[in-house]
1. So, of the residues in the stretch 66-87 that are surrounded by 13 or more Cβ atoms within 10 Å (Cβ to Cβ) and in a strand (DSSP E or B), which turns out to be modelled with the lowest pLDDT?
2. What is the residue count in the stretch 1-24 for residues that are hydroxyl-bearing (S, T, Y), at pLDDT below 90 and open to solvent by less than 100 Å² (accessible area, probe 1.4 Å)?
3. Of (1) among the basic types (K, R); (2) at pLDDT 90 or above; (3) not in a helix (DSSP H, G or I), K122 satisfies all except one. Which?
4. Filtering the stretch 25-65 down to residues that are at positive phi and in a strand (DSSP E or B), which residue is most open to solvent (accessible area, probe 1.4 Å)?
5. Mind checking which residues of the stretch 88-120 are of a type in the set (K, R) and surrounded by 14 or more Cβ atoms within 10 Å (Cβ to Cβ)?
6. Name every residue in the stretch 50-106 that is of a type in the set (S, T, N, Q) and either over 24 Å from F11 (Cβ atoms) or in contact (Cβ under 8 Å) with a residue 12 or more places away in the chain (or both), in order of residue number.
Amino acid sequence: MASTANSQSVFNVFVYGSLLADDVVHALLKRVPPSNPAILHNYHRFSIKGRVYPAILPVENKKVTGKDSSKTLQAETYVWVDKKDPNLFGEWDFEEWKQLHKGDFLKMTMGFSEELELPDSKTSVATYESFYAQEENKSKP
């Protein structure tokens with residue numbers, strides 16, 4: 001019987017929003033993988049109405065700055081599906097996000113990570129949405 005080697009699958013992931021912040025990555029993964037500045041050509045990073053994270057969509061002659069694990073390679077990333085979504089606008093700014101939203105987003109991410117570790121936790125999407133709704137309600141007068 002052949003033994004299986006202990007190997008981990010390696011995925012190159014281009015990040016362009018809240019995951020640019022190492023402390024957010026650490027809250028989710030309990031580590032910060034090595035990364036380098038990276039550029040995704042022919043895409044644009046949009047702000048999303050009512051959200052503190054961005055969306056990217058293909059836009060010719062635009063570029064999105066972010067991080068990845070190497071200089072030139074094929075990578076996975078999340079792309080917004082609805083190209084005509086009326087909630088997309090302008091350009092999302094990482095520096096502005098750090099000043100205005102990073103603290104609350106980090107608290108939410110840490111709570112989200114702790115919730116996922118519980119034995120009876122919901123799916124990751126449901127857990128994130130419940131924490132996001134709690135934070136959104138706290139910020140309303």
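The values are calculated or read from the model by the stated rules, or taken from the named source; none is laboratory data. Computed from a predicted model, the values in this text were never measured in an experiment. Glycine also receives a Cβ, built like all others from the backbone with ideal geometry; neighbour counts cover every protein chain displayed. To get the accessible areas, we keep the full protein, side chains included, count just its heavy atoms, and leave off ligands, DNA and RNA. Shrake-Rupley method; radii C 1.70, N 1.55, O 1.52, S 1.80 Å.
1. We begin by selecting, within the stretch 66-87, every residue surrounded by 13 or more Cβ atoms within 10 Å (Cβ to Cβ); these are 66-69, 75, 77-78, 80, 85, 87.
Narrowing the set further to residues that are in a strand (DSSP E or B) leaves 66-68.
Details: G66: 94, K67: 91, D68: 85.
Here the residue is D68.
2. Filtering the stretch 1-24 down to residues hydroxyl-bearing (S, T, Y) leaves 3-4, 7, 9, 16, 18.
Going one step further and asking which of them are at pLDDT below 90, we end up with 3-4, 7, 9.
Subset that is open to solvent by less than 100 Å² (accessible area, probe 1.4 Å): 7, 9.
Residues meeting the conditions: 2.
3. (2)
4. N61
5. Step one: of the stretch 88-120, the residues of a type in the set (K, R) are 98, 102, 107.
K98, K102 - these are the residues of the stretch 88-120 that are of a type in the set (K, R) and surrounded by 14 or more Cβ atoms within 10 Å (Cβ to Cβ).
6. Step one: list which residues in the stretch 50-106 are of a type in the set (S, T, N, Q), which gives 61, 65, 69-70, 72, 74, 77, 87, 99.
Answer for the stretch 50-106, where residues must be of a type in the set (S, T, N, Q) and either over 24 Å from F11 (Cβ atoms) or in contact (Cβ under 8 Å) with a residue 12 or more places away in the chain (or both): N61, T65, S69, S70, Q74, T77, N87, Q99.
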